[in-house]
1. Of the residues 104, 58, which single one is crowded, with 19+ Cβ neighbours inside 10 Å and not basic (Lys, Arg)?
2. Test residue 328 against the stated conditions and say whether it is of a type outside the set (A, V, I, L, M, F, W, C) and either assigned to a loop (DSSP other than H, G, I, E, B) or touching a residue at least 12 places away in the same chain (Cβ under 8 Å) (or both).
3. Give just the number: which of (1) of a type in the set (A, V, I, L, M); (2) at pLDDT below 95; (3) touching an Asp or Glu at 6+ places or on another chain (Cβ under 9 Å) does residue 21 not satisfy?
4. Considering segment 345-401 alone, what residues qualify as being of a type in the set (Val, Ile, Thr), part of a helix (DSSP H, G or I) and modelled with pLDDT under 95?
5. Yes or no: residue 131 buried (at least 23 other Cβ atoms within 10 Å of the Cβ), hydrophobic (A, V, I, L, M, F, W, C) and under 23 Å from residue 265 (Cα atoms)?
6. May I ask you to say which residue of 47, 26 is under 24 Å from residue 248 (Cβ atoms) and either under 14 Å from the mean Cα position of the chain (by Cα) or of a type outside the set (S, T, N, Q) (or both)?
7. Among the residues of segment 126-140, write down those that are in contact (Cβ under 8 Å) with a residue 40 or more places away in the chain and either more than 29 Å from the chain's Cα centre (by Cα) or farther than 23 Å from residue 5 by Cα (or both).
8. Test each condition in (1) in a loop (DSSP other than H, G, I, E, B); (2) over 31 Å from the mean Cα position of the chain (by Cα); (3) modelled with pLDDT of 95 or more for residue 143 and report the one that comes out false.
Amino acid sequence: MDRPIPENEFDRLLQLSDYDLDHIKLEDHVKDLAKLAAKVAGTNISLVNLIDAYTQWTVAGEGIPAMQMPREDSVCQYTIMGDKPFEIKDLTKDERFNKKLYVTDDPNLKYYWGVPLKSESGLNLGALCVVDTESKYISPEKVALLEIIANEIVNRLKLMKTVTFLQSEVQNAREKQEQVAHDIRGPIGGIIGLAQIIKEKGDKNQLEDVLEFIEVIQNSSKSLLELADEILSSKEDEGKKKPALNPDSEYNLLTLKEKLKDLYEVQGEQKKVELSVEVKGENQENPFPKTKLLQILGNLISNAIKFTPSGGSVTVSLALAETAGKKELLVEVKDTGAGMTEEQIEAILNGKGNTTKGTSGEKGYGFGLPLVKHLIDGMGGTLKIDSRPGAYSRFEVALPV
């Protein structure tokens, strides 16, 4: 059965990645709205779902815990196809869903109603849905209220995006402060040296007026140099201590490892694929910005699990290289899966992709890896792919952070 793919799918995924969301951290921000939606609709369950290239992430819910499922198994994949609410009065009679576990087994769902979560640019990030084990009727008044709740969910996501941006700007300002200190040291040092030479020569020539003027310059320059040294020494003292981590805007290798395991081990367990995440080398606790990392690495890991058969493995290795004050995150994602041809690799590196099936017959959407390439290029990084059909695929990512 063909899966629904919005015409603007790549733009939609790009917009979702631009929000740079950590799905685990969203529940506290929108759980009250999920609860309100269930109360308005009069249903047992309500879900706030975000849908990426591979996965439907339930980031908050009422009547059911937050979870994730393959996108191709979801009902909300149909909701994001349009601008209007999407309703199925009886899931047990719809051939698209009547064999799904959430219909045939606990919680034995029967009714579904969903509305797209539309971004400010009109792209659907996911859906707010209300579901029940019994038939329901959502009146026009309730529809209006649920659409207001959906808009408020997006407003909160937008607020989180803004906060993340401001935190990044603060971090950039700190780095610029350090650069300014370095930049002013050289010129000021030269001024002091020149003033000293002129002063020494002036002493011989009895140039009292000139000496007084130069002494003022020299004293002012010394004050500025002391200020620069003070800024730099404080940064050096920080460097001698254990690097501080701002959990709202930064990861280190250890926290990134745990985050990837928390998010994607479930996908491995569902597919019976072993997912391991390794940290290599030094600098394991040195912080670096988290911008777009989950979007890049998450798509790579989801893709690797999808194309690895049950009993196989996906290995992720993380390292942080630091030279001359610059940091580079080095990531390798290797699977024991279906592998790719040279033509497929070339298509990905050229930003293109084709819809293919995973190893358990899952329908692909063809946009995950091109999105990864786009994001890596935007960060000034590099992507290398090595693969052998029927044996493995290995993705090597280098990102300046």
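The values are calculated or read from the model by the stated rules, or taken from the named source; none is laboratory data. Keep in mind it's a predicted model, so treat the numbers as computed, not measured. Cβ atoms come from the backbone with ideal geometry, glycine included; neighbour counts cover every protein chain shown.
1. Checking each option against the conditions leaves just 58.
2. Answer is yes for this residue.
3. Among (1) of a type in the set (A, V, I, L, M); (2) at pLDDT below 95; (3) touching an Asp or Glu at 6+ places or on another chain (Cβ under 9 Å), residue 21 violates only (3).
4. Hits for segment 345-401 are 345, 348.
5. no
6. After applying the criteria, what remains is 26.
7. 132, 133, 135, 136, 138
8. It fails just one condition, (1).
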